[in-house]
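Notes for the one structure printed next.
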């Protein structure tokens, strides 16, 4: 029990430390334990990827296994089943393609798709992967997860891709899209992932953690002056009626006119 309790306390301390992480000595002082015994605990957590360290003697951070654990837990109550009815109602209202996706590293994975009645459909498929930084789905989830540019840059600088000429050219431009999504409470893709397609998405949170996102995809040639943003009120209204605690949407600081 003492070793298990120590490991759990380490995870809580690193969670509270945020994206800046903590040095070994700081963690030891915070927990009131010796650095030598703590080093053994951290080594075990690193082995299972619950804790990560970019280089020897650097700060420790929460690792990717923490996010995976959350996603595994979420699958136990099937986010796809919870949101599927909302997708059906959205398509009935707006006749556009609607998706559910989850975040997996630097990509989004499509869990569900409801096609529209239109003759031309986007070539997405359940189980397909797309870059998180250039999709509305990915940006919506990252806006609720990534609060610090330095941590964001460390995670994504080497994963930035440009599927279209409209895609962000630098990691700083990609970050601007994330910040904008956080301020608005929704994210957009203006032909930045596939030429000819635009999308808007909102993140679904479990408490404060993004666990999925819902998007509406439209043909750029059929979008009005507001682009895909015109669908935000309908998207938020239907999800508000559908989501039950602990699931919720991110609260926007601004809404489209």
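Just so it is clear, none of the values below were taken in a lab; they were calculated from the coordinates. As the structure is a prediction and not an experimental result, all values here were calculated from the model. Here Cβ is always computed from backbone atoms with ideal geometry, including for glycine, and neighbour counts include all displayed protein chains.
Looking at the chain as a GNM with Cα springs under 10 Å, which of 181, 201, 23 has the largest mean-square fluctuation? Among 181, 201, 23, the largest GNM mean-square fluctuation belongs to 23. Computed from Cα positions, the angle between helix 136-145 and the longest principal axis of the chain comes to roughly 30 degrees. Normalised by the number of residues in region 108-156, the average gap of Cα pairs under 8 Å and 6 or more apart makes the relative contact order 33 percent.
Result for the chain in a Gaussian network model with C-alpha springs under 10 Å: among 238, 100, 178, the largest mean-square fluctuation is at 238.
For region 2-62, the relative contact order is 41 percent, taking Cα pairs closer than 8 Å that sit 6 or more residues apart in sequence and dividing their mean separation by the residue count. Per residue, the convex hull spanned by the Cα atoms of region 2-62 measures out at 72 cubic angstrom.
Between 228, 210, 19, the residue with the greatest mean-square fluctuation in the GNM of the chain (Cα pairs under 10 Å linked by springs) is 19. So if we plug the beta-carbon distance of residue 234 and residue 12 into 1/(1 + (r/R0)^6) with R0 = 45 Å, what FRET efficiency do we get, rounded to 0.05? Efficiency at R0 = 45 Å is approximately 0.70. Sorted ascending by nearby beta carbons within 10 Å, beginning with the fewest, 54, 45 become 54, 45. Working from Cα positions, state the angle (0 to 90°, nearest 10) between the long axis of helix 64-76 and the longest principal axis of the chain. That helix lies at roughly 50 degrees to the long axis. Averaging the sequence gap over all C-alpha pairs within less than 8 Å and six or more residues apart, then dividing by the number of residues, gives the chain a relative contact order of 15 percent. Take the alpha carbon gyration tensor of region 69-249, find the square roots of its eigenvalues, order them as a ≥ b ≥ c, and report rounded if a/c is under 1.5; if not, report prolate when a/b exceeds b/c, else oblate. Here region 69-249 falls in the oblate category. Kirkwood's formula applied to the C-alpha pairs of region 181-257 gives a hydrodynamic radius of 12.9 angstrom.
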